[in-house]
Amino acid sequence: MKRSIKSKLTFVISLIVLLAVVTIILLTNYFINKRFTQYITRQQELKIQSINSSISGQYNTNNQEWNVEYIQTIGMQSLYEGYIIKVYDNHNNVLWDAQAHDMSLCNRIMEDISERMEITYPQLEGEFQASTYPLKNSGKDIGRVEISYFGPFFLNENDTKFLDSLNTILISVGIIAIASAIVVGSILAKRLSRPILETIGAAKQIADGNYEIRLKGRANTEELDMLIGSINHLAYSLQSMDKLRKQLTEDVAHELRTPITVLQSHMEAMIAGIWEPSTERLQSCYEEITRIGTLVNDLENLSRVENGVLQLDKSEICFNDLLNKAVQTFEKELQSKNIKVVITGPSVKINADQDRITQVIVNLLSNAMKYSEPNKTITMEVFEEDMHAGFAIRDQGIGIPEEDLPYIFERFYRADKSRNRLTGGSGIGLAIVKSIVNAHGGSIKVESKVNEGSCFTIRFPK
Ligand code: ADP
(Lines give C-alpha, C1' and ligand atoms only; values in the text may rest on other atoms or scores of the structure.)
Protein backbone atom coordinates (compact mmCIF):
# COMPACT_ATOMS: atom_id res chain seq x y z
CA MET A 1 0.00 0.00 0.00
CA LYS A 2 1.33 3.44 -0.93
CA ARG A 3 1.36 5.92 1.90
CA SER A 4 1.83 9.67 1.72
CA ILE A 5 5.11 11.32 2.68
CA LYS A 6 3.26 13.10 5.48
CA SER A 7 1.97 9.93 7.16
CA LYS A 8 5.33 8.19 6.66
CA LEU A 9 7.25 11.04 8.24
CA THR A 10 4.80 11.34 11.15
CA PHE A 11 5.05 7.60 11.72
CA VAL A 12 8.85 7.56 11.63
CA ILE A 13 9.23 10.57 13.93
CA SER A 14 6.74 9.12 16.43
CA LEU A 15 8.43 5.72 16.29
CA ILE A 16 11.84 7.25 17.02
CA VAL A 17 10.44 9.22 19.96
CA LEU A 18 8.59 6.13 21.23
CA LEU A 19 11.79 4.08 21.14
CA ALA A 20 13.74 6.87 22.87
CA VAL A 21 11.07 7.27 25.57
CA VAL A 22 10.78 3.53 26.23
CA THR A 23 14.57 3.22 26.47
CA ILE A 24 14.80 6.17 28.85
CA ILE A 25 11.96 4.79 31.03
CA LEU A 26 13.51 1.32 31.18
CA LEU A 27 17.00 2.62 31.99
CA THR A 28 15.72 5.11 34.57
CA ASN A 29 13.64 2.42 36.19
CA TYR A 30 16.56 0.02 36.31
CA PHE A 31 19.01 2.49 37.84
CA ILE A 32 16.53 4.01 40.28
CA ASN A 33 15.50 0.55 41.47
CA LYS A 34 19.08 -0.51 41.95
CA ARG A 35 19.94 2.60 43.97
CA PHE A 36 16.68 2.41 45.85
CA THR A 37 17.16 -1.22 46.99
CA GLN A 38 20.71 -0.35 48.13
CA TYR A 39 19.26 2.52 50.12
CA ILE A 40 16.50 0.33 51.61
CA THR A 41 18.97 -2.41 52.61
CA ARG A 42 21.14 0.16 54.38
CA GLN A 43 18.07 1.62 56.09
CA GLN A 44 17.17 -1.86 57.36
CA GLU A 45 20.61 -2.38 58.88
CA LEU A 46 20.29 0.97 60.65
CA LYS A 47 16.79 0.05 61.85
CA ILE A 48 18.04 -3.22 63.34
CA GLN A 49 20.85 -1.36 65.12
CA SER A 50 18.30 1.15 66.40
CA ILE A 51 15.94 -1.61 67.70
CA ASN A 52 18.90 -3.30 69.37
CA SER A 53 20.10 -0.17 71.15
CA SER A 54 16.56 0.89 72.16
CA ILE A 55 15.98 -2.51 73.78
CA SER A 56 19.42 -2.49 75.49
CA GLY A 57 18.46 0.92 76.89
CA GLN A 58 15.59 -0.70 78.84
CA TYR A 59 17.98 -2.59 81.13
CA ASN A 60 18.45 -1.10 84.58
CA THR A 61 22.04 -1.84 85.68
CA ASN A 62 21.32 -0.90 89.27
CA ASN A 63 18.65 -3.49 90.01
CA GLN A 64 19.42 -5.57 86.94
CA GLU A 65 15.86 -5.51 85.80
CA TRP A 66 14.24 -4.96 82.38
CA ASN A 67 11.55 -2.38 81.65
CA VAL A 68 9.29 -4.92 79.91
CA GLU A 69 6.53 -2.38 79.31
CA TYR A 70 8.82 -0.27 77.18
CA ILE A 71 10.21 -3.32 75.40
CA GLN A 72 6.61 -4.07 74.40
CA THR A 73 6.18 -0.53 73.02
CA ILE A 74 9.38 -0.90 71.00
CA GLY A 75 8.29 -4.38 69.88
CA MET A 76 4.84 -3.23 68.73
CA GLN A 77 6.28 -0.25 66.89
CA SER A 78 8.84 -2.49 65.18
CA LEU A 79 6.09 -5.00 64.36
CA TYR A 80 4.10 -2.34 62.49
CA GLU A 81 7.27 -1.53 60.55
CA GLY A 82 7.70 -5.18 59.56
CA TYR A 83 10.20 -6.44 62.17
CA ILE A 84 9.03 -9.30 64.38
CA ILE A 85 11.11 -9.45 67.51
CA LYS A 86 11.64 -11.80 70.40
CA VAL A 87 13.70 -10.59 73.41
CA TYR A 88 15.60 -12.86 75.80
CA ASP A 89 17.47 -11.95 79.01
CA ASN A 90 20.84 -13.51 79.68
CA HIS A 91 19.22 -16.39 81.51
CA ASN A 92 17.45 -17.32 78.28
CA ASN A 93 14.04 -16.25 79.62
CA VAL A 94 11.72 -14.72 77.04
CA LEU A 95 11.08 -11.10 78.01
CA TRP A 96 8.77 -10.30 75.13
CA ASP A 97 7.67 -12.19 72.01
CA ALA A 98 5.73 -10.48 69.24
CA GLN A 99 4.19 -13.71 68.02
CA ALA A 100 3.14 -14.75 71.53
CA HIS A 101 1.75 -11.25 72.09
CA ASP A 102 -0.42 -11.08 68.94
CA MET A 103 -0.05 -14.02 66.62
CA SER A 104 -2.73 -12.93 64.16
CA LEU A 105 -1.32 -9.39 63.84
CA CYS A 106 2.12 -10.88 63.15
CA ASN A 107 0.72 -13.21 60.52
CA ARG A 108 -1.24 -10.42 58.87
CA ILE A 109 1.80 -8.15 58.70
CA MET A 110 3.95 -10.98 57.33
CA GLU A 111 1.36 -11.77 54.70
CA ASP A 112 1.02 -8.08 53.72
CA ILE A 113 4.74 -7.70 53.24
CA SER A 114 5.12 -11.01 51.36
CA GLU A 115 2.24 -10.08 49.10
CA ARG A 116 3.56 -6.56 48.40
CA MET A 117 7.05 -7.85 47.67
CA GLU A 118 5.66 -10.61 45.45
CA ILE A 119 3.89 -7.93 43.37
CA THR A 120 6.75 -5.39 43.28
CA TYR A 121 9.67 -7.82 42.89
CA PRO A 122 8.32 -11.13 41.56
CA GLN A 123 11.84 -12.42 40.82
CA LEU A 124 13.23 -11.62 44.25
CA GLU A 125 12.02 -14.86 45.92
CA GLY A 126 12.52 -13.39 49.35
CA GLU A 127 11.22 -14.81 52.62
CA PHE A 128 11.05 -14.04 56.33
CA GLN A 129 14.33 -14.88 58.02
CA ALA A 130 15.38 -14.54 61.62
CA SER A 131 18.75 -13.33 62.96
CA THR A 132 19.90 -13.07 66.53
CA TYR A 133 21.82 -10.08 67.89
CA PRO A 134 23.42 -9.85 71.38
CA LEU A 135 22.17 -7.13 73.74
CA LYS A 136 24.97 -5.37 75.57
CA ASN A 137 25.30 -2.79 78.29
CA SER A 138 28.73 -1.22 78.88
CA GLY A 139 30.30 -4.12 77.03
CA LYS A 140 28.50 -6.76 79.15
CA ASP A 141 26.05 -9.29 77.67
CA ILE A 142 22.59 -8.61 79.05
CA GLY A 143 20.57 -10.78 76.73
CA ARG A 144 19.76 -11.20 73.04
CA VAL A 145 17.13 -10.21 70.53
CA GLU A 146 15.84 -12.32 67.65
CA ILE A 147 14.65 -10.15 64.77
CA SER A 148 12.86 -11.66 61.83
CA TYR A 149 12.03 -9.66 58.71
CA PHE A 150 11.49 -10.16 54.99
CA GLY A 151 14.89 -10.56 53.36
CA PRO A 152 17.05 -9.70 51.54
CA PHE A 153 15.08 -6.44 51.81
CA PHE A 154 11.49 -5.30 51.83
CA LEU A 155 9.47 -2.21 51.07
CA ASN A 156 7.02 -0.71 53.48
CA GLU A 157 3.87 1.02 52.30
CA ASN A 158 5.55 4.45 51.91
CA ASP A 159 8.39 2.99 49.88
CA THR A 160 5.91 1.30 47.52
CA LYS A 161 3.94 4.54 47.19
CA PHE A 162 7.15 6.39 46.35
CA LEU A 163 8.07 3.86 43.66
CA ASP A 164 4.53 3.92 42.27
CA SER A 165 4.45 7.70 41.96
CA LEU A 166 7.88 7.65 40.32
CA ASN A 167 6.58 5.20 37.73
CA THR A 168 3.46 7.30 37.19
CA ILE A 169 5.63 10.38 36.56
CA LEU A 170 7.83 8.48 34.08
CA ILE A 171 4.84 7.07 32.21
CA SER A 172 3.13 10.48 32.08
CA VAL A 173 6.31 12.08 30.73
CA GLY A 174 6.49 9.30 28.14
CA ILE A 175 2.88 9.79 27.04
CA ILE A 176 3.35 13.57 26.81
CA ALA A 177 6.57 13.09 24.79
CA ILE A 178 4.90 10.69 22.34
CA ALA A 179 1.83 12.92 21.97
CA SER A 180 4.09 15.94 21.32
CA ALA A 181 6.11 13.88 18.82
CA ILE A 182 2.95 13.02 16.89
CA VAL A 183 1.84 16.67 16.83
CA VAL A 184 5.29 18.12 16.03
CA GLY A 185 5.96 15.27 13.57
CA SER A 186 2.78 15.88 11.64
CA ILE A 187 3.40 19.66 11.55
CA LEU A 188 6.96 19.07 10.31
CA ALA A 189 5.77 16.46 7.80
CA LYS A 190 3.12 18.86 6.54
CA ARG A 191 5.71 21.60 6.08
CA LEU A 192 7.91 19.20 4.13
CA SER A 193 5.15 17.69 2.03
CA ARG A 194 3.40 20.95 1.14
CA PRO A 195 6.11 22.19 -1.29
CA ILE A 196 6.34 18.68 -2.77
CA LEU A 197 2.58 18.61 -3.38
CA GLU A 198 2.76 22.10 -4.88
CA THR A 199 5.60 20.99 -7.12
CA ILE A 200 3.59 17.95 -8.24
CA GLY A 201 0.67 20.26 -9.03
CA ALA A 202 2.95 22.56 -11.01
CA ALA A 203 4.50 19.61 -12.90
CA LYS A 204 0.99 18.42 -13.86
CA GLN A 205 0.08 21.89 -15.11
CA ILE A 206 3.31 22.05 -17.13
CA ALA A 207 2.46 18.64 -18.61
CA ASP A 208 -0.93 20.08 -19.59
CA GLY A 209 0.83 22.91 -21.44
CA ASN A 210 0.62 25.71 -18.89
CA TYR A 211 4.24 26.90 -19.19
CA GLU A 212 3.57 30.21 -17.47
CA ILE A 213 3.33 28.62 -14.04
CA ARG A 214 6.13 29.39 -11.55
CA LEU A 215 6.52 28.15 -7.99
CA LYS A 216 7.10 31.10 -5.70
CA GLY A 217 7.49 29.69 -2.20
CA ARG A 218 10.79 28.78 -0.62
CA ALA A 219 10.83 25.50 1.31
CA ASN A 220 13.95 26.38 3.35
CA THR A 221 15.13 22.84 2.65
CA GLU A 222 18.07 22.58 0.29
CA GLU A 223 16.78 19.66 -1.77
CA LEU A 224 13.22 20.98 -1.97
CA ASP A 225 14.45 24.40 -3.05
CA MET A 226 16.54 22.67 -5.72
CA LEU A 227 13.43 20.76 -6.85
CA ILE A 228 11.38 23.97 -7.00
CA GLY A 229 14.23 25.65 -8.90
CA SER A 230 14.39 22.76 -11.41
CA ILE A 231 10.64 22.80 -12.01
CA ASN A 232 10.71 26.59 -12.54
CA HIS A 233 13.65 26.19 -14.91
CA LEU A 234 11.82 23.40 -16.77
CA ALA A 235 8.73 25.60 -17.14
CA TYR A 236 10.90 28.48 -18.33
CA SER A 237 12.75 26.31 -20.89
CA LEU A 238 9.51 24.81 -22.21
CA GLN A 239 7.98 28.28 -22.39
CA SER A 240 10.94 29.64 -24.37
CA MET A 241 10.93 26.63 -26.67
CA ASP A 242 7.21 26.98 -27.22
CA LYS A 243 7.64 30.68 -27.93
CA LEU A 244 10.52 29.97 -30.33
CA ARG A 245 8.50 27.31 -32.12
CA LYS A 246 5.53 29.65 -32.57
CA GLN A 247 7.86 32.49 -33.53
CA LEU A 248 9.62 30.29 -36.08
CA THR A 249 6.37 29.23 -37.73
CA GLU A 250 5.21 32.85 -37.82
CA ASP A 251 8.53 34.06 -39.19
CA VAL A 252 8.72 31.38 -41.86
CA ALA A 253 5.17 32.14 -42.95
CA HIS A 254 5.98 35.83 -43.00
CA GLU A 255 9.20 35.35 -44.96
CA LEU A 256 7.48 33.15 -47.53
CA ARG A 257 4.44 35.39 -47.91
CA THR A 258 6.25 38.34 -49.58
CA PRO A 259 8.00 36.47 -52.43
CA ILE A 260 4.94 34.26 -52.97
CA THR A 261 2.62 37.30 -53.15
CA VAL A 262 4.98 38.99 -55.63
CA LEU A 263 5.20 35.79 -57.74
CA GLN A 264 1.47 35.26 -57.60
CA SER A 265 0.58 38.80 -58.73
CA HIS A 266 3.22 38.77 -61.50
CA MET A 267 2.07 35.38 -62.78
CA GLU A 268 -1.61 36.38 -62.61
CA ALA A 269 -0.90 39.55 -64.58
CA MET A 270 1.05 37.60 -67.20
CA ILE A 271 -1.56 34.82 -67.47
CA ALA A 272 -4.35 37.40 -67.78
CA GLY A 273 -2.37 39.02 -70.57
CA ILE A 274 -2.09 42.33 -68.68
CA TRP A 275 1.71 42.00 -68.65
CA GLU A 276 4.04 40.84 -71.36
CA PRO A 277 6.23 38.01 -70.00
CA SER A 278 9.38 40.10 -70.63
CA THR A 279 12.86 38.96 -69.61
CA GLU A 280 12.96 41.58 -66.82
CA ARG A 281 9.66 40.35 -65.36
CA LEU A 282 10.71 36.72 -65.60
CA GLN A 283 14.06 37.73 -64.06
CA SER A 284 12.21 39.39 -61.15
CA CYS A 285 10.12 36.21 -60.66
CA TYR A 286 13.29 34.16 -60.77
CA GLU A 287 14.83 36.35 -58.03
CA GLU A 288 11.81 35.80 -55.80
CA ILE A 289 12.07 32.03 -56.35
CA THR A 290 15.79 32.22 -55.54
CA ARG A 291 14.91 34.07 -52.32
CA ILE A 292 12.53 31.27 -51.34
CA GLY A 293 15.20 28.71 -52.22
CA THR A 294 17.82 30.51 -50.08
CA LEU A 295 15.42 30.75 -47.20
CA VAL A 296 14.60 27.04 -47.36
CA ASN A 297 18.32 26.21 -47.55
CA ASP A 298 19.11 28.46 -44.59
CA LEU A 299 16.31 26.93 -42.57
CA GLU A 300 17.49 23.44 -43.38
CA ASN A 301 21.04 24.31 -42.37
CA LEU A 302 19.90 25.93 -39.17
CA SER A 303 17.69 23.04 -38.15
CA ARG A 304 20.50 20.57 -38.83
CA VAL A 305 22.93 22.55 -36.71
CA GLU A 306 20.42 23.28 -33.94
CA ASN A 307 19.08 19.74 -33.71
CA GLY A 308 22.60 18.43 -33.44
CA VAL A 309 21.77 15.97 -36.25
CA LEU A 310 24.83 17.23 -38.02
CA GLN A 311 27.74 15.35 -36.49
CA LEU A 312 30.90 17.41 -36.41
CA ASP A 313 33.44 15.83 -38.73
CA LYS A 314 36.58 17.17 -37.11
CA SER A 315 40.01 17.27 -38.70
CA GLU A 316 43.04 19.54 -38.51
CA ILE A 317 42.19 22.79 -40.26
CA CYS A 318 44.15 25.98 -40.91
CA PHE A 319 42.18 29.22 -40.46
CA ASN A 320 44.35 31.11 -42.96
CA ASP A 321 43.67 28.56 -45.73
CA LEU A 322 39.91 28.65 -45.11
CA LEU A 323 39.85 32.47 -45.04
CA ASN A 324 41.80 32.63 -48.32
CA LYS A 325 39.45 30.15 -49.98
CA ALA A 326 36.38 32.09 -48.85
CA VAL A 327 37.82 35.31 -50.27
CA GLN A 328 38.35 33.52 -53.60
CA THR A 329 34.70 32.42 -53.65
CA PHE A 330 33.56 36.03 -53.33
CA GLU A 331 36.18 37.38 -55.75
CA LYS A 332 33.62 38.54 -58.32
CA GLU A 333 31.40 40.38 -55.83
CA LEU A 334 34.41 41.92 -54.08
CA GLN A 335 35.77 43.18 -57.38
CA SER A 336 32.45 44.62 -58.47
CA LYS A 337 32.17 46.58 -55.21
CA ASN A 338 35.90 47.28 -55.23
CA ILE A 339 36.29 45.98 -51.68
CA LYS A 340 39.79 45.05 -50.53
CA VAL A 341 40.35 42.09 -48.18
CA VAL A 342 43.43 41.89 -45.95
CA ILE A 343 44.32 38.68 -44.09
CA THR A 344 46.84 39.02 -41.21
CA GLY A 345 48.15 37.00 -38.28
CA PRO A 346 50.02 33.73 -37.77
CA SER A 347 49.17 30.46 -39.44
CA VAL A 348 47.03 28.70 -36.82
CA LYS A 349 45.73 25.13 -36.92
CA ILE A 350 42.97 23.63 -34.76
CA ASN A 351 40.77 20.57 -34.77
CA ALA A 352 37.34 21.43 -36.20
CA ASP A 353 34.76 20.60 -38.86
CA GLN A 354 36.13 22.18 -42.03
CA ASP A 355 32.81 22.56 -43.89
CA ARG A 356 31.08 24.12 -40.90
CA ILE A 357 33.90 26.58 -40.20
CA THR A 358 33.90 27.49 -43.89
CA GLN A 359 30.18 28.20 -43.54
CA VAL A 360 30.89 30.48 -40.56
CA ILE A 361 33.52 32.41 -42.54
CA VAL A 362 31.30 32.63 -45.63
CA ASN A 363 28.35 33.95 -43.63
CA LEU A 364 30.46 36.56 -41.83
CA LEU A 365 32.35 37.62 -44.96
CA SER A 366 29.15 37.88 -46.98
CA ASN A 367 27.62 40.08 -44.26
CA ALA A 368 30.74 42.26 -44.12
CA MET A 369 30.52 42.67 -47.88
CA LYS A 370 26.74 43.17 -47.97
CA TYR A 371 26.80 45.88 -45.31
CA SER A 372 29.86 47.77 -46.68
CA GLU A 373 29.80 50.62 -49.13
CA PRO A 374 32.04 50.24 -52.23
CA ASN A 375 35.79 50.97 -51.94
CA LYS A 376 36.09 49.87 -48.31
CA THR A 377 38.46 47.33 -46.72
CA ILE A 378 37.63 44.11 -44.85
CA THR A 379 40.34 42.88 -42.45
CA MET A 380 40.53 39.25 -41.34
CA GLU A 381 42.93 38.65 -38.46
CA VAL A 382 43.94 35.22 -37.20
CA PHE A 383 45.15 35.06 -33.58
CA GLU A 384 46.38 32.54 -31.07
CA GLU A 385 46.14 32.75 -27.25
CA ASP A 386 47.13 30.37 -24.42
CA MET A 387 43.94 28.33 -24.44
CA HIS A 388 42.18 29.64 -27.52
CA ALA A 389 42.63 30.34 -31.19
CA GLY A 390 40.37 32.16 -33.60
CA PHE A 391 39.87 34.96 -36.06
CA ALA A 392 38.23 38.37 -36.29
CA ILE A 393 36.45 39.78 -39.34
CA ARG A 394 36.35 43.58 -39.36
CA ASP A 395 34.55 45.75 -41.88
CA GLN A 396 34.17 49.50 -42.46
CA GLY A 397 30.47 49.13 -43.20
CA ILE A 398 27.28 50.69 -41.97
CA GLY A 399 27.56 49.18 -38.45
CA ILE A 400 24.84 47.87 -36.18
CA PRO A 401 22.84 50.13 -33.80
CA GLU A 402 23.65 49.40 -30.13
CA GLU A 403 20.06 48.44 -29.28
CA ASP A 404 20.12 45.71 -31.97
CA LEU A 405 23.44 44.15 -30.92
CA PRO A 406 21.98 41.73 -28.32
CA TYR A 407 19.53 40.26 -30.87
CA ILE A 408 21.44 39.90 -34.12
CA PHE A 409 22.23 36.21 -33.42
CA GLU A 410 18.54 35.38 -33.11
CA ARG A 411 16.78 33.73 -36.00
CA PHE A 412 15.14 36.15 -38.45
CA TYR A 413 16.42 39.19 -36.57
CA ARG A 414 17.39 41.98 -38.89
CA ALA A 415 18.72 45.30 -37.63
CA ASP A 416 17.06 47.34 -40.33
CA LYS A 417 14.11 45.56 -41.91
CA SER A 418 13.62 47.87 -44.92
CA ARG A 419 17.33 47.92 -45.69
CA ASN A 420 17.55 44.15 -45.51
CA ARG A 421 14.88 43.51 -48.05
CA LEU A 422 17.20 45.22 -50.49
CA THR A 423 20.26 43.26 -49.38
CA GLY A 424 18.27 40.04 -49.52
CA GLY A 425 19.10 38.81 -46.02
CA SER A 426 16.76 36.46 -44.22
CA GLY A 427 18.21 37.03 -40.75
CA ILE A 428 19.33 33.42 -40.33
CA GLY A 429 23.03 33.68 -41.22
CA LEU A 430 24.27 34.75 -37.78
CA ALA A 431 22.00 32.21 -36.00
CA ILE A 432 23.73 29.47 -38.02
CA VAL A 433 27.16 30.97 -37.22
CA LYS A 434 26.40 30.97 -33.50
CA SER A 435 25.10 27.38 -33.50
CA ILE A 436 28.21 26.11 -35.29
CA VAL A 437 30.56 28.04 -32.99
CA ASN A 438 28.68 26.72 -29.92
CA ALA A 439 28.81 23.16 -31.25
CA HIS A 440 32.60 23.52 -31.32
CA GLY A 441 32.61 24.83 -27.73
CA GLY A 442 33.67 28.28 -28.96
CA SER A 443 32.36 31.80 -28.44
CA ILE A 444 31.42 34.72 -30.67
CA LYS A 445 31.65 38.42 -29.83
CA VAL A 446 30.55 41.46 -31.79
CA GLU A 447 31.65 45.10 -31.56
CA SER A 448 30.04 47.64 -33.81
CA LYS A 449 29.55 51.37 -34.33
CA VAL A 450 27.01 52.82 -36.72
CA ASN A 451 28.69 54.24 -39.85
CA GLU A 452 32.14 53.09 -38.65
CA GLY A 453 31.98 49.33 -39.05
CA SER A 454 31.61 46.01 -37.23
CA CYS A 455 33.99 43.39 -35.92
CA PHE A 456 33.00 39.76 -35.27
CA THR A 457 35.54 37.83 -33.15
CA ILE A 458 35.37 34.04 -32.89
CA ARG A 459 37.33 31.98 -30.36
CA PHE A 460 37.68 28.19 -30.29
CA PRO A 461 39.28 26.18 -27.50
CA LYS A 462 42.59 24.71 -28.64
P1 ADP B 1 21.01 38.59 -42.85
O2 ADP B 1 20.79 37.43 -43.71
O3 ADP B 1 19.86 39.53 -42.74
O4 ADP B 1 22.32 39.27 -43.04
P5 ADP B 1 22.21 37.69 -40.41
O6 ADP B 1 21.73 36.77 -39.35
O7 ADP B 1 23.46 37.33 -41.12
O8 ADP B 1 21.03 37.91 -41.39
O9 ADP B 1 22.40 39.09 -39.74
C10 ADP B 1 21.41 39.61 -38.90
C11 ADP B 1 21.41 41.13 -38.97
O12 ADP B 1 22.58 41.65 -38.35
C13 ADP B 1 21.45 41.67 -40.36
O14 ADP B 1 20.17 41.75 -40.88
C15 ADP B 1 22.09 43.02 -40.17
O16 ADP B 1 21.15 43.97 -39.79
C17 ADP B 1 23.04 42.81 -39.04
N18 ADP B 1 24.43 42.55 -39.49
C19 ADP B 1 25.05 41.38 -39.54
N20 ADP B 1 26.34 41.53 -39.95
C21 ADP B 1 26.51 42.84 -40.15
C22 ADP B 1 27.63 43.67 -40.58
N23 ADP B 1 28.81 43.14 -40.87
N24 ADP B 1 27.44 45.00 -40.65
C25 ADP B 1 26.25 45.55 -40.34
N26 ADP B 1 25.16 44.85 -39.93
C27 ADP B 1 25.29 43.52 -39.85
Residue among Ser114, Tyr39, Asn307 farthest towards the positive dipole end of the chain, charges placed on Cβ
Asn307
With every protein chain left in place and a probe of 1.4 Å, what is the accessible surface of His91, to the nearest 10 Å²?
140
Sum of side-chain charges, Phe460 neighbourhood, beta-carbon under 14 Å (Lys, Arg +1; Asp, Glu -1):
+2
Probe 1.4 Å, all protein chains present, accessible-area order of Phe383, Phe319, largest first
Phe383, Phe319
Projected label distance in nm at Glu385 and Ser347, using a 7 Å step from Cα toward the beta-carbon
2.5
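On a full-extension model of 0.36 nm per residue, what is the gain between Lys337 and Val446, subtracting their alpha-carbon distance, rounded to one decimal in nm?
Details: separation 109, 0.36 × 109 = 39.24 nm, distance 2.40 nm.
Full extension of this stretch gives 36.8 nm more.
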Degrees separating the helix 68-80 axis from the principal Cα axis of the chain, which is the longest one
30
Around Ser443: net Lys/Arg minus Asp/Glu count, Cβ-Cβ under 14 Å
+2
What distance in nm separates the simple spin-label points at Gln264 and Met241, each placed 7 Å from Cα in the Cβ direction?
3.4
Summed residue charge, Cβ within 15 Å of Leu244's Cβ, Lys/Arg positive, Asp/Glu negative:
0
Relative contact order of the chain: what whole-number percent is it, with Cα pairs under 8 angstrom and at least 6 residues apart?
10
Using a 1.4 Å probe and counting only protein heavy atoms, arrange Ser284, Ser4, Ser138 so the residue with the most accessible area comes first.
Ser138, Ser4, Ser284
Kindly give the semi-axes, whole Å and largest first, of the ellipsoid equivalent to segment 311-461, taking each as the square root of 5 times a Cα gyration tensor eigenvalue.
24, 18, 14
At a threshold of 8 angstrom on Cα-Cα distance, excluding pairs fewer than six apart, so keeping six or more, what relative contact order does segment 5-172 reach in percent?
22
Treating only the Cβ of Lys, Arg, Asp and Glu as charged (+1, +1, -1, -1), what charge dipole size does segment 278-437 show about its Cα centre? Round to the nearest 20 debye.
480
For Trp66, Trp96, Trp275, write out the residues from largest to smallest accessible area, computed with a 1.4 angstrom probe and no ligands counted.
Trp275, Trp66, Trp96
Could you work out the mean projected area of the convex hull around the alpha carbons of segment 314-354, in square nanometres to one decimal?
3.0
Just to confirm the number: angle between the C-alpha axis of helix 157-207 and the first principal axis of the chain, 0 to 90 degrees, nearest 10?
10
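Is it possible to state the helix-based mean residue ellipticity at 222 nm for the chain, with each DSSP H run of 4+ residues giving -39500 (n - 2.57), the sum divided by total residues, to the nearest 500 deg cm²/dmol? What is it?
Calculated from helices alone, the mean residue ellipticity at 222 nm is -20500 deg cm²/dmol.
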What accessible surface, in Å², does a 1.4 Å probe find on Asp141, ignoring ligands, DNA and RNA and rounding to the nearest 10?
90
Give the calculated FRET efficiency between Thr23 and Met76 to the nearest 0.05, with a Förster radius of 41 Å applied to their Cβ-Cβ distance.
0.35
Can you give the extra length, in nm with one decimal, that the chain gains between Lys462 and Gln328 once fully stretched, where that is 0.36 nm per residue apart less the Cα-Cα distance?
45.6 nm
With axes computed from alpha carbons, what is the tilt in degrees of helix 279-307 against the longest principal axis of the chain, rounded to the nearest 10 within 0 to 90?
20
Dipole of segment 100-203, positive end: most advanced residue of Asn137, Ser180, Gly126 [Cβ charges, Cα centre]
Ser180
Taking every alpha carbon pair in the chain and sorting the distances into 20 angstrom bins from 0 up to the bin holding the longest one, the percent per bin comes out as 16, 24, 15, 11, 10, 12, 10, 2, 0
With +1 assigned to the C-beta of every Lys and Arg and -1 to the C-beta of every Asp and Glu, and no other charges, what is the dipole magnitude of segment 20-104 about the Cα centre in debye, to the nearest 20?
600
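If I take R0 = 41 Å and measure r between the Cβ atoms of His233 and Thr294 in this structure, what FRET efficiency does the formula 1/(1 + (r/R0)^6) give, to the nearest 0.05?
Details: r = 36 Å, r/R0 = 0.89.
Once rounded, the FRET efficiency stands at 0.65.
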What nm distance separates the two modelled labels at Ile5 and Gln64, each placed 7 Å from Cα along Cα→Cβ?
9.5
Which residue, Leu227, Phe154, Ala253, has the largest displacement toward the positive end of the dipole of the chain when charges sit on each Cβ (Lys, Arg +1; Asp, Glu -1)?
Ala253
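Set the Förster distance to 60 Å, then compute FRET efficiency between Ser315 and Asp208 from the Cβ-Cβ distance, nearest 0.05.
The calculated FRET efficiency here is 0.80.
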Whole-percent carbon and sulfur contribution to the accessible surface of the chain (1.4 Å, no ligands, DNA or RNA) stands at 54
Quarter of the Cα convex hull surface for segment 5-172, i.e. its orientation-mean projected area (nm²):
12.1
Suppose every K and R has +1 on its Cβ and every D and E has -1 on its Cβ; what is the size of the dipole of segment 119-187 about the Cα centre, in Debye to the nearest 20?
240
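The values are calculated or read from the model by the stated rules, or taken from the named source; none is laboratory data. Note that the structure is a prediction, hence the values are computed from the model and not measured. Every residue, glycine among them, receives a Cβ derived from its backbone with ideal geometry; neighbour counts consider all protein chains shown. Protein only, heavy atoms only, side chains kept; ligands, DNA and RNA dropped before computing areas. Shrake-Rupley method; radii C 1.70, N 1.55, O 1.52, S 1.80 Å.
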